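> I'd like to ask some things about the structure below.
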Amino acid sequence: MRLIIAAGAAVCCVSIYNAPLEQVDLRFLLLSAVTICLGSRIGIEVSRIKFHITISDTFIFLTMLLYSGELAILIAAAEAFCSSLRFSRKLSTILFNTSILALSTFLNVWTVNFFFGSLANLAHGDISSSFAIAICMMAVIQCVANSVPAAVWEAFKINQPIWTTWKQYVWTLVTYFAAASAAGITVKLVAVGGFYAFVLTIPLIFIIYFTFKTYNKHIDATTAQAEQAIHHVAELNLHIIEQERISEALQESEEHFRSAFNYAAIGMGLTASDGRWLQVNNSLCEIVGYSEHELLAVTSQAITHPDDLGKHLADIYKLLEGQIVTSSMEKRYIHKLGHPVWVMSSASLVRNALGEPLHLIVQVQDITERKHAESQLHHAAFYDAMTGLPNRSLFTDQLQLSIERAKQSPEQLFAVLFLDVDRFKNINDSLGHVLGDQLLMSIARRLENCVRPEDTVARFGGDEFALLLNSIKHSVDAIRVADRVRQELAQSFNLCGQEIFTTACIGIALSSTGYNQPDELLRDADTAMYRAKAQGKGRHEVFDKVMHSRAISLLQIENDLRRAIEREEFVIHYQPIVKLKTGVISGFEALVRWQHPERGLISPAEFIPVAEETELIIPIGMWVLRESCRQIRQWQLESPATTSLSMSVNLSSKQLKQVGLVEYIQQTLQEMNLDPGSLRLEITESVVMENVEIATAMLRQLRSLGIQLSIDDFGTGYSSLSYLHRLPVNNLKIDRSFVGRMRPGNENSAIVQTVIRLARNLNMEMVAEGIETEEQLKQLKALSCDYGQGYLFSKPVIAEEAGVLLRNNIAELSNSFTSGTDLLQDDDGKILSSTLSM
């Protein structure tokens, strides 16, 4: 563009320099004014090719012939400049248009001068063939110079060949011939009639112009009608062709779909809304292992993995209800051989014209290998590569879950054990890293054997391990696991023929301290571990001192209990049960005691809960049962007066659930030659109510042996009144808490009276515990209570002292019988049974 503007400016400058100024007169100025002011404003737009024709070309040709080429170039430039101002305010566009017209006029002037000499001489001569040829050349050159740039520009815009585009402009050559001819005729008229002949030709020029314009309008209107008719015909043809194309496309599409469906690399199928397979391809059959016939006989639900079935049905429901357009999910199909196959399943609903569901299109891609790779990546991210244990990251996640569960359920206790292998660096340095790695793997396996499936064992790196113990009942459980770990690790490791011994220090942090973040627990466990290391190798420490102290005590009791069974440190004390009406000792209750070699006699309240928790109560209870049966049988054989003696033995919840309990009791009775009716088993109300059905079934088996059954501590546990009539029991023992608070007319007396009446109505005998005063005895007798026991008669005593009590009771009763004294009172009016007190 800049080059053309520069060339145009140069042409204009040269023209100004060479212009014959002496020819500029009033006639020239009039011609210039008409050209600039009117010539460019009056034009014809040819809409077919978007080309504008003006009459200014006639006046430019006229200037070339009457005056000189330089003045014609200047008038053409001035006309183009003024015309451009009407439709553009951009200076570069105005200058470009001006330069183009100046250059085209310059080309015209130079070419005609080259072939015919001076234009002025040619114009003032006679009409000749040279003049006619010159006029035609002027028209051709001006047409080509103006139309070629426009054709080139249009060709580039619409991406067409230049010749094809320029052919549309060729007809404009007629207008240029008309303009050049008009200019030639005018020049000859001026030569004959002077310049005023030019003035007379101006109306003629305008008449020709308007005639051509009107003709052009008619041509445009006719052309428009023809084009509209052609357009309608074309549209109709296009519509027919389109319908044929759509029909062919539909047929082709169906063929493509059928081909794509049958030979698709992924599984595809059509299912009904109820899940029936309507059509399946080979790929789907290969994925699930069924033949096409077999698959069409089942539903998609039938081969969906049970764990994914709920989500599958939910998505189908949403599709049918229009809640979603497509459904995509990862799910598992069950292969014909039984193993799961991971797939990416996509489903969409096809509806008819009325919007009713027709069928579902299902696409299935086998992603089993991808899921396997994801599993491997997950394992690499969260598991230790060497030992296969969870790493610190996964352990921390599990620990966070345990903390959240503990916040929701504070009774859910858990503990973290932080373990460091003693002297591992020395082992690694002396025996090599290979044996060191093997030792760590062996330690990992032993640690796994020390915990339950719900617990977590992790390796933090190096020789550090961590254990997460979930749902423990007491802190002693964590210490027990730590002790088990130490014992396991204390045993030798045989690695490549090398016998290696090692120990570990363990720090324990308990959830009951209250934690919010896993790091806090790990920190305290680590602190406890270093405290254990400071005290020596192969030790464990609990972070909380109070809990640590209590846990150690309980653990010591547990360990001592185990030794006590082996060393027979248990003894049985016997407390007499007296028939209140006569004062006769009818039997004894066997109460176990622990004679600790260092601590002396330990109360059952201290060791029985530990024995229950550790299930040591089972061997202890078996020993008590056997020893009690032996003792009562011994007393029965001493005198005919003691043959009806009975022995009451407590039965714990653990014993009641013990496999083989009935057989063991039956065997013991047979070995001791003891009548089953002489054995009375006491079960607390709470134990029965833990599981009424199981307890009832077990009690019926025991009752079938002829054994007497008693509900102990009645009234203190869960309410069992609704089940009491179903239980095969002979006796009720009212708890000492009611008896001890009995006063004339108070509510405890009323409770005792109610329980006694209840026992009467159920044909059960009543035993009152904890009788300590004569007033309590008097009230119980007044209420017709059958039996009683308590310190008023005797505290629990060893077998020798119980035998003395028994013999004294028999002797006193015999003396009272021979002297005719009332069995219930002596000469001082005191009850005979009071002589049993020790």
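> Give Val350, Val362 a once-over and let me know the one that is surrounded by 15 or more Cβ atoms within 10 Å (Cβ to Cβ) and within 19 Å of Trp277 (Cβ to Cβ).
Within the list Val350, Val362, the selection yields Val362.
> For Gln701, indicate whether it is touching a Leu at 6+ places or on another chain (Cβ under 6 Å), part of a helix (DSSP H, G or I) and surrounded by fewer than 18 Cβ atoms within 10 Å (Cβ to Cβ).
No; evaluated as a whole, the condition is false for this residue.
> If you don't mind, another one. Give the residue, chosen from Lys654, Lys581, that is of a type in the set (Lys, Arg) and assigned to a helix (DSSP H, G or I).
The match here is Lys654.
> Filter region 728-755 for residues that are in contact with a strand residue (DSSP E or B) (Cβ under 9 Å, 6 or more places away or on another chain), surrounded by 20 or more Cβ atoms within 10 Å (Cβ to Cβ) and part of a helix (DSSP H, G or I) and give the result.
Phe738, Val739, Val752, Val755
> Taking the criterion of being open to solvent by 20 Å² or more (accessible area, probe 1.4 Å), in contact with a helix residue (DSSP H, G or I) (Cβ under 6 Å, 6 or more places away or on another chain) and closer than 26 Å to Ile427 by Cβ, would at least one residue in region 483-491 satisfy it? Spell out the reasoning first.
Here is the first cut: in region 483-491, the ones open to solvent by 20 Å² or more (accessible area, probe 1.4 Å) are 483-484, 486-488, 490-491.
Okay, now just the ones that are also in contact with a helix residue (DSSP H, G or I) (Cβ under 6 Å, 6 or more places away or on another chain), so 488.
Those left that are additionally closer than 26 Å to Ile427 by Cβ: 488.
Checked region 483-491: at least one residue is open to solvent by 20 Å² or more (accessible area, probe 1.4 Å), in contact with a helix residue (DSSP H, G or I) (Cβ under 6 Å, 6 or more places away or on another chain) and closer than 26 Å to Ile427 by Cβ.
> Here's a follow-up. Just the residues that are open to solvent by 10 Å² or more (accessible area, probe 1.4 Å) and within 24 Å of Leu313 (Cβ to Cβ), please, taken from region 284-295.
If the condition is that a residue be open to solvent by 10 Å² or more (accessible area, probe 1.4 Å) and within 24 Å of Leu313 (Cβ to Cβ), then Cys285, Ile287, Gly289, Tyr290, Glu294 are the ones that fit.
> Filter region 587-609 for residues that are over 58 Å from the mean Cα position of the chain (by Cα) and surrounded by fewer than 17 Cβ atoms within 10 Å (Cβ to Cβ) and give the result.
Gln595, Pro597, Glu598, Gly600, Leu601
> Further, regarding this structure: Quick one: would you say Glu612 is under 30 Å from Ser814 (Cα atoms) and either open to solvent by 10 Å² or more (accessible area, probe 1.4 Å) or of a type in the set (Lys, Arg) (or both)?
Against the criterion (under 30 Å from Ser814 (Cα atoms) and either open to solvent by 10 Å² or more (accessible area, probe 1.4 Å) or of a type in the set (Lys, Arg) (or both)), Glu612 does not qualify.
> Here is a follow-up. For region 83-93: of the residues being part of a helix (DSSP H, G or I), surrounded by fewer than 18 Cβ atoms within 10 Å (Cβ to Cβ) and not basic (Lys, Arg), which is modelled with the lowest pLDDT?
The selected residue is Phe87.
> Tell me which helices (runs of 4 or more DSSP H) are completely within region 421-506 and hold 1 or more residues being in contact with a Lys or Arg (Cβ under 7 Å, 6 or more places away or on another chain) and acidic (Asp, Glu), or say none if there are none.
475-490
> Name every residue in region 756-775 that is in contact with a strand residue (DSSP E or B) (Cβ under 8 Å, 6 or more places away or on another chain) and within 22 Å of Phe588 (Cα to Cα), in order of residue number.
Ile756, Ala759, Met764, Glu765, Met766, Val767, Ala768, Glu769, Ile771, Glu774
> Here's something else I'd like to know. May I ask you to verify whether Val624 is of a type in the set (Val, Ile, Thr) and under 30 Å from Leu813 (Cβ atoms)?
For Val624, the condition - of a type in the set (Val, Ile, Thr) and under 30 Å from Leu813 (Cβ atoms) - is met.
> For region 649-657, state whether one or more residues are over 22 Å from Asn691 (Cα atoms), buried (at least 20 other Cβ atoms within 10 Å of the Cβ) and modelled with pLDDT of 90 or more.
The answer is no; no qualifying residue exists.
> In this structure, does Ala528 turn out to be surrounded by 14 or more Cβ atoms within 10 Å (Cβ to Cβ) and either without any contact (Cβ under 8 Å) to a residue 40 or more places away in the chain or part of a strand (DSSP E or B) (or both)?
no
The values are calculated or read from the model by the stated rules, or taken from the named source; none is laboratory data. What you see is a predicted model, and the numbers here were worked out from it, not measured in a lab. A quick note on method: Cβ atoms are made from the backbone with ideal geometry, for glycine too, and the neighbour counts reach across all protein chains shown. Please note that ligands, DNA and RNA were not included when accessible areas were found on the heavy atoms of the full protein model with its side chains. Shrake-Rupley method; radii C 1.70, N 1.55, O 1.52, S 1.80 Å.
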